[in-house]
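Novice: Take a look at this one; I'll ask things after.
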Amino acid sequence: MRSELRLALPAGYRTQDVLAFHGRDAEGLAEQVSPTGLRKGVLLGGVPVVLEVAFGADAARCTVDADGDVAQVLPAARDALLNILGLRIDPAAFAAFVCDDPVLGPVVARQPGLRIVQSATIFEALTWAIIGQQINLPFAISLRRTFIGLAGRPHASGLWCYPEAQDVARLTLEDLTSRKFSRAKAETLLRFAGLVADGEVALDRDRPVGEAVEELLAIKGIGPWTVNYALLRGYGYPDCSLEGDVAIRTAFHRLLGGEERPGIAATEKLLARYAPHRTMAAAYLWASLADSPS
């Protein structure tokens, strides 16, 4: 069953950023991109759903194609669309905040309108953070593809859907470790999925962020970097502090100079100057690594 939605896009919306984020897996198992749109497969309430987006000049025309009752999944599908289109955080407030900042002000001026593109669901953001931690991006993408193939399900269209907690919790340790997952990474994924599936961990965007952080940090194998990355990519929290991220530290080193990359404590102090907009600061620090001043 299908349903149509229209989401307004702000002036200067950066379509190419969204397409680049969702097109990182060249094999296109669960995401497919074209010059004018994208298709994303995800399980929502146990139902395989494909979210199809066609970009227009001022709006995204979105189709929700469900292998089941589309009305049942429509609220979650709309929520997921806001995430994957990067419509949670308005970057204008950060641009105004740093207009006179000597470090990030020039970066924002060169790349106005940058947005935080998110995973479709909080569960996807957290599992992706666990999968990708401390490994290079190509290997992480390969593991993610394997993960989807093991726990996800195909939509009637053939596109695979990113799994939910119940699907992952059914896997065994051997399912993952026999396919290049480290034992520690596999154990953390299964532990986390089991807690969510059993209702012991709640992934609720509306709960106080402090409660969510405390609950996640209590899970063995999940540390501050994973939690902050999930707050950014899953919850859309505007003030994530990613001082443990190597790329963030590298970006500061490039922008500030000096003999060596700042350590975690020094990076935390550097990020503090951008509170309560540290999420957008992270986005621009990442972007600065590929930015060439004119």
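The values are calculated or read from the model by the stated rules, or taken from the named source; none is laboratory data. What you are looking at is a predicted structure, and each value in this text was computed from that prediction instead of being measured. Using ideal geometry, Cβ is built from the backbone for each residue, glycine included, and neighbour counts are taken over all protein chains shown.
Novice: Kindly establish whether Arg249 is more than 18 Å from Phe21 (Cβ to Cβ), basic (Lys, Arg) and modelled with pLDDT of 95 or more. It would help to see each step written out before you state the result.
Specialist: Values: more than 18 Å from Phe21 (Cβ to Cβ): yes; basic (Lys, Arg): yes; modelled with pLDDT of 95 or more: yes.
Yes: the conditions hold for Arg249.
Novice: Within region 102-147, which residues are touching a helix residue (DSSP H, G or I) at 6+ places or on another chain (Cβ under 8 Å), farther than 22 Å from Gln16 by Cα and in a loop (DSSP other than H, G, I, E, B)?
Specialist: Val103, Gln133, Ile135
Novice: State all residues of region 99-140 that are over 14 Å from the mean Cα position of the chain (by Cα) and either surrounded by 22 or more Cβ atoms within 10 Å (Cβ to Cβ) or of a type in the set (Phe, Trp, Tyr) (or both); if no residue qualifies, say none.
Specialist: Leu104, Val108, Phe139, listed by residue number.
Novice: With Thr250, Thr226 as the choices, which residue is of a type in the set (Val, Ile, Thr) and more than 13 Å from Ile122 (Cα to Cα)? Step through it out loud before you land on a result.
Specialist: Numbers: Thr226 fails: more than 13 Å from Ile122 (Cα to Cα).
Of Thr250, Thr226, the one residue that is of a type in the set (Val, Ile, Thr) and more than 13 Å from Ile122 (Cα to Cα) is Thr250.
Novice: Please indicate, with yes or no, whether at least one residue in region 229-236 is in contact (Cβ under 8 Å) with a residue 24 or more places away in the chain and surrounded by fewer than 16 Cβ atoms within 10 Å (Cβ to Cβ).
Specialist: No, region 229-236 contains no residue that is in contact (Cβ under 8 Å) with a residue 24 or more places away in the chain and surrounded by fewer than 16 Cβ atoms within 10 Å (Cβ to Cβ).
Novice: Of all the residues that make up region 237-269, how many are surrounded by fewer than 20 Cβ atoms within 10 Å (Cβ to Cβ) and either of a type in the set (A, V, I, L, M, F, W, C) or free of Cβ contacts under 8 Å to residues at least 12 places away in the same chain (or both)?
Specialist: Counting residues in region 237-269 that are surrounded by fewer than 20 Cβ atoms within 10 Å (Cβ to Cβ) and either of a type in the set (A, V, I, L, M, F, W, C) or free of Cβ contacts under 8 Å to residues at least 12 places away in the same chain (or both) gives 13.
Novice: Give Glu187, Glu200, Glu211, Glu174 a once-over and let me know the one that is on the phi < 0 side of the Ramachandran plot and modelled with pLDDT under 95.
Specialist: Values: Glu187 fails: modelled with pLDDT under 95; Glu200 fails: modelled with pLDDT under 95; Glu174 fails: modelled with pLDDT under 95.
Unique residue meeting the criteria: Glu211.
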